[in-house]
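Presented below is the structure to which this report refers.
No value in this document is a laboratory result; all are computed from the given coordinates. Since the model is a prediction, treat every value here as computed from it, not as a measurement. FYI the Cβ positions are ideal-geometry reconstructions off the backbone, even for glycines, and counts take in every protein chain you see.
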Amino acid sequence: DASDIEKGTYPHYMLKEIDEQPLVVRKIIQEYQNENNELHIDADILGAMDEADRIYIVACGTSYHAGLVGKQFIETWAKVPVEVHVASEFSYNMPLLSEKPLFIFISQSGETADSRAVLVQIKELGYKALTITNVPGSTLSRESDYTLLLHAGPEIAVASTKAYTAQLAVLSILAAVTAKTRGIELEFDLVQELAIVANTMEVLCDDKEEMESIALQFLATTRNAFFIGRSVDYYVGLEGALKLKEISYIQAEGFAGGELKHGTIALIENNTPIIALATQEHVNLSIRGNVKEVVARGANPCIISMKGLETEEDRYVIPKVHETLSPLAAVIPLQLISYYAALHRDCDVDKPRNLAKSVTVE
Ligand code: G6P
C-alpha cells in the first residue's frame with residue numbers, strides 16, 4: 001500500500017525519520033536564511049520577542065522536552081527569562097504572569113487539545129501567542145498570532161524524533177536572532193554551528209550497529225532504566241527516557257544527576273542500566289561523580305560523552321558540536337538505542353500500545 005512506498009527500504013517510519021534529521025536541520029537553515037545568507041525571523045515575531053519581559057513556553061510530551069532546551073537557548077543567548085509549562089497543568093494552575101508575557105506553543109501536530117486549551121485561555125486574557133509547529137494551517141497555528149514552521153516533513157511514527165530536533169533547531173534560530181535584535185553579540189555563527197550539528201547527526205545515524213549493540217548490552221532484558229545528566233543533558237535524558245518508555249515499554253526515568261541521591265538511588269540494584277550523558281564541560285566532573293555513586297550500588301553504567309570530555313570508561317563518544325547545541329546530537333543515540341531495544345523486545349515500534357500520534361482530547 002501507499003504507506004509501504006513512503007517507508008521506502010526502511011522497516012519502520014521511526015528509523016526513516018531518525019535518519020532524516022541531518023536533512024531536516026539543513027532544510028531549516030535554508031528556510032530561515034534571507035538572500036544575504038543571514039538567519040531571518042519575521043519582524044513582527046522579533047518585535048513580540050523583544051517586547052516580552054518573560055516568555056511562557058507551553059507544550060506536551062516530547063515538545064515539552066524541546067521547550068526545556070529552548071529555554072536554555074533563549075535565556076543564554078537572548079537574555080529573556082523563560083518558563084516552561086506542561087499544558088495540562090497550566091490550564092487550571094496558571095502561574096502569576098509577568099506584566100508583558102509572550103506565549104510560545106510548541107506542537108508537532110498543532111492539534112494537541114491540552115495545548116489548545118491554554119491558547120484559548122490566554123487569548124481571552126488578551127495575550128499574544130507564537131506557535132512552533134510542523135503543520136501549516138493546524139489549529140494552534142491558525143489561532144495564534146504568529147507561526148514558525150518546523151519544515152520536518154510528515155512525521156508518521158508515534159514516537160517523535162525529527163520533530164524534536166527540528167523544534168530545537170528552530171528555537172535556537174529564534175533565540176539567536178532575538179539576541180541580535182536586542183543588541184547582544186554572540187561569539188559564534190549559528191549557521192555554521194548548525195551545519196556542524198547536521199554533519200555530526202549524519203555520523204551518529206551511520207553508527208547504527210554500535211547503537212544496536214548498546215541496546216542489546218544494556219536493555220535487552222531489563223525491567224527498568226535510568227537516564228541521568230546535568231544541565232541540558234538532564235533535559236535530553238528526560239526525552240531519552242520518554243522514547244524508551246513509549247516504544248519498548250521499559251520503565252525508564254530521567255533524573256538530574258545531583259537529585260538521584262535524594263531518593264531515586266534506592267531503586268538501583270545489581271545491573272540496573274544507567275545511561276549517563278556527559279556533554280557539558282562545566283558539569284562533567286560532577287556527573288561522573290554521580291555515575292560512581294550508582295556503580296558503587298551495582299548499576300551498569302552506559303556513559304555517552306562528547307569528544308573532548310571523554311574518558312576510558314565511556315561507552316560512546318559523540319563528535320564535538322557547540323556545547324549549547326549538544327542536545328540536537330546527543331538525542332540521536334538515545335533515539336536509536338530505544339529503537340533497537342524495542343525491536344529486540346518485539347514491540348510495535350511505529351504504533352506502540354495505548355498511544356496516539358496526536359491527542360485531541362484534554
Ligand atoms: C502525543 C504524542 C507525543 C507528543 C505529544 C505532543 O502524546 O504521542 O509523541 O510529544 O502528543 O504532541 P504535539 O503534536 O503537540 O507535539
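Quick notes on this one:
- Taken together, S144, S160, S138, S213 contain a single residue that is within 26 Å of R345 (Cα to Cα), within 16 Å of the ligand (Cβ to nearest atom) and of a type in the set (S, T, N, Q), which is S160.
- Where helices (runs of 4 or more DSSP H) fall wholly inside the stretch 183-266, the ranges with 2 or more residues that are touching a Gly at 6+ places or on another chain (Cβ under 8 Å) are 232-248.
- Residue check for L97: buried (at least 18 other Cβ atoms within 10 Å of the Cβ), in contact with a helix residue (DSSP H, G or I) (Cβ under 9 Å, 6 or more places away or on another chain) and closer than 20 Å to K71 by Cα: no
- Within the stretch 312-357, the residues that satisfy the criterion of being of a type in the set (A, V, I, L, M), away from the ligand (no atom under 16 Å from the Cβ) and under 20 Å from S231 (Cβ atoms) are V317, I318, V321, L325, L328, A329, A330, I332.
- Verdict on T131 being away from the ligand (no atom under 11 Å from the Cβ), assigned to a strand (DSSP E or B) and in contact with a Ser or Thr (Cβ under 7 Å, 6 or more places away or on another chain): no
- Of the criteria (1) under 22 Å from F255 (Cβ atoms); (2) surrounded by 19 or more Cβ atoms within 10 Å (Cβ to Cβ), which one T311 fails: (2)
- Screening L174 on (1) away from the ligand (no atom under 16 Å from the Cβ); (2) more than 15 Å from S63 (Cα to Cα); (3) in contact with an Asp or Glu (Cβ under 9 Å, 6 or more places away or on another chain); (4) part of a helix (DSSP H, G or I) shows it passes everything except condition (3).
- Listed conditions (1) over 19 Å from the mean Cα position of the chain (by Cα); (2) touching a residue at least 24 places away in the same chain (Cβ under 8 Å); (3) more than 15 Å from Q167 (Cβ to Cβ) are all met by K123, apart from (2).
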